[in-house]
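Worksheet: the structure to be examined is printed underneath.
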Amino acid sequence: MTERYLITGGAGFIGGHLAESLLTAGHQVTVLDNLSTGRFENIQPLVAHPHFRFAIDSITNEVVLDRLTSECDIIVHLAAAVGVQLIVEHPVHTIETNVMGTESILRAAARYRVKVLVASTSEVYGKGSRVPFRENDDVVLGASSRSRWAYAASKMVDEFLSLAYHREYGLPVIIARLFNTVGPRQTGRYGMVIPRFVSQALRSEPLTVYGDGKQSRCFCDVADVVRALAALCQHPDAIGKVFNIGSGEETSIFNLAERVITLTGSQSRIEFIPYDQAYAPGFEDMRRRVPDTTRLRTLCGWQPEIKLDQILMRVKDSLEPSGPADFSD
Ligand code: UDP
């Protein structure tokens with residue numbers, strides 16, 4: 001069945017891929033994005049598609065949001081302040097965008113009884129040490145004096161508010177907690193490690209490993225993530241629930257740097273940079289971040305299909321000067 005999707009933040013890295021995939025599946029797609037961190041290049045190839053349209057505006061423009069919401073069946077709310085670097089540098093912008101933005105979306109959705117998928121983040125697990133992280137685990141956040149945690153706390157508020165709209169007003173809401181998501185067209189500008197390492201390797205510059213490099217992450221390809229988001233939007237039993245989306249393939253950041261050097265055949269060396277220097281004094285990182293995706297797998301049969309080495313090759317191809325585009329920072 002053809003449905004009308006509104007993607008907020010649709011010109012971002014994940015939004016652009018989602019828009020493309022939904023159009024391919026025969027849906028109608030509208031993108032709302034103020035291009036603050038989103039890039040027009042991410043949606044440019046879609047502009048000529050007869051079922052695609054876009055509005056360059058903020059989600060806090062209530063008039064525009066009201067009209068677009070009245071014309072859609074599902075909102076995928078991806079618009080958010082994103083990237084640890086940006087968050088540490090602009091905490092006011094982070095909190096205001098995330099909390100007020102989501103509030104605007106939920107209020108508009110409630111007026112027209114439109115389904116909403118709210119993108120949240122694995123950051124909400126904070127410093128939790130019991131991995132893999134399950135959706136109902138307790139969360140441990142750092143002190144409010146450390147601005148990194150503003151992102152997690154603001155996203156927690158988004159989750160609480162969304163679930164409250166569901167419980168109190170019966171609004172069909174789904175929460176997707178995205179773990180580290182990577183792939184073609186992601187930029188390293190906001191601190192994301194894989195496009196940064198691959199760009200550094202391609203330029204024969206040192207790969208900048210923060211801290212001791214023993215911290216670990218699971219990287220999921222954006223194509224797998226987009227498949228999960230689409231499946232959740234379509235599944236009636238996803239409503240009112242929280243879902244982790246991520247890969248189970250865990251790697252340390254040092255190991256990642258070595259793999260990037262090997263795969264690109266680069267002459268680069270690895271340089272360790274203390275967190276204080278990389279981000280801000282007193283910065284706290286997560287040591288391990290691994291999702292438990294049993295809930296999503298059980299409901300939708302979803303599993304990630306693209307392995308880390310393949311992901312790195314896809315990123316490399318998109319970043320090489322001869323590749324489809326140069327998104328190095
Ligand atoms: N990182 C790094 N070098 C970089 C960028 C990031 O060592 O140039 C580390 C970062 O400190 C974190 C991990 O790589 O431990 C993943 O960082 P990213 O910003 O991609 O995502 P996060 O997991 O922090 O949200």
- For segment 280-295, in order, what is each residue's ³J(HN,Hα) by Karplus, 6.51 cos²θ - 1.76 cosθ + 1.60 with θ = phi - 60°, in whole Hz (x at glycine and Pro)? 8, x, x, 4, 10, 9, 8, 6, 10, 9, 10, x, 9, 10, 4, 4
- Given backbone amide H placed at 1.01 Å from N, residues whose amide H is under 5 Å from that of Asp137, ignoring those fewer than 5 places away on the same chain, are none
- Of Leu141, Tyr151, Val182, whose Cα points farthest to the positive end of the dipole of segment 106-194 (charges on the beta-carbon: +1 Lys, Arg; -1 Asp, Glu; origin at the Cα centre)? Val182
- So, with +1 on the Cβ of K and R and -1 on the Cβ of D and E, and no other charges, what is the size of the charge dipole of segment 108-190 about its Cα centre, to the nearest 20 debye? 260 debye
- Net charge of neighbours whose Cβ lies under 11 Å from the Cβ of Ala19, counting Lys and Arg as +1 and Asp and Glu as -1: -1
- Item | Size of charge dipole - the chain - debye, nearest 20, with Cβ of Lys, Arg +1 and Asp, Glu -1, no other charges | 420 debye
- Treating the Cα atoms of segment 133-252 as identical point scatterers in vacuum, please give the log10 of the normalised Debye intensity I(q)/I(0) at q = 0.10, 0.23 Å⁻¹, two decimals. -0.42, -1.43
- Task: Could you go through segment 191-196 in sequence order and give the Karplus-derived ³J(HN,Hα) for each residue, using 6.51 cos²θ - 1.76 cosθ + 1.60 with θ = phi - 60°, rounded to whole Hz, and x for Gly and Pro?
- Result: x, 4, 5, 5, x, 5
- Using θ = phi - 60° and the Karplus relation 6.51 cos²θ - 1.76 cosθ + 1.60, list the HN-Hα couplings for segment 301-316 in order, rounded to whole Hz, with x at every Gly or Pro. x, 7, 9, x, 10, 9, 7, 4, 4, 5, 4, 4, 5, 4, 5, 4
- Task: Pull out the extension gain between Ser204 and Val157, defined as 0.36 nm times the separation in residues minus the alpha carbon to alpha carbon distance; nm, one decimal.
- Result: 12.7 nm
- Residue (of Ala79, Thr121, Ser58) at the positive-pole extreme of the chain, dipole from beta-carbon charges: Thr121
- Query: Using +1 on the beta carbon of Lys and Arg, -1 on that of Asp and Glu, and nothing else charged, what's the dipole of segment 172-235 about the Cα centre, debye to 20?
  - Reply: 100 debye
- Message: Going by amide H atoms built from the backbone, whose H comes under 5 Å of the H on Thr121, apart from near neighbours?
- Response: Leu178
- Grab the alpha carbons of the chain, take their convex hull, and tell me the volume per residue in Å³. 121 Å³
- In whole Å, what is the distance between the alpha-carbon centres of segment 267-308 and segment 205-232? 5 Å
- Using the charge dipole of segment 236-329 (Lys, Arg: +1 at Cβ; Asp, Glu: -1 at Cβ; taken about the Cα centre), state which of Ala257, Leu308, Ile245 has its Cα farthest towards the positive end. Ile245
- Message: Just to be sure I understand: of the beta bridges DSSP finds with both ends in the chain, what percent are antiparallel, rounded to 5?
- Response: 10 percent
- Message: If each DSSP helix of 4+ residues adds -39,500 (n - 2.57) and the sum is divided by the residues in the chain, what number results at 222 nm, nearest 500 deg cm²/dmol?
- Response: -12000 deg cm²/dmol
- Task: Would you mind checking which residues have amide H under 5 Å from Val116's amide H? H placed 1.01 Å from N; only 5 or more apart, or other chain.
- Result: Ile75, Val173, Ile174
- Query: Lysine pairs in the chain with alpha-carbon atoms under 18 Å apart, 8 or more places apart or on different chains: how many are there?
  - Reply: 5
- Message: With angles folded into 0 to 90 degrees, how steeply does helix 253-264 sit against the dominant principal axis of the chain? Use alpha carbons for both and round to 10.
- Response: 80 degrees
- Mean accessible surface per residue for segment 88-156, computed with a 1.4 Å probe while every protein chain stays in place, in Å²: 44 Å²
- Taking Cα atoms, the helix 222-234 axis meets the longest principal axis of the chain at an angle in degrees (rounded to 10) of 20 degrees
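The values are calculated or read from the model by the stated rules, or taken from the named source; none is laboratory data. None of the values given here were measured: they were computed from a predicted structure. We place every Cβ from the backbone using ideal geometry, glycine too, and count neighbours over all the protein chains shown. These accessible areas exclude ligands, DNA and RNA; they are computed on the full protein's heavy atoms, side chains included. Shrake-Rupley method; radii C 1.70, N 1.55, O 1.52, S 1.80 Å.
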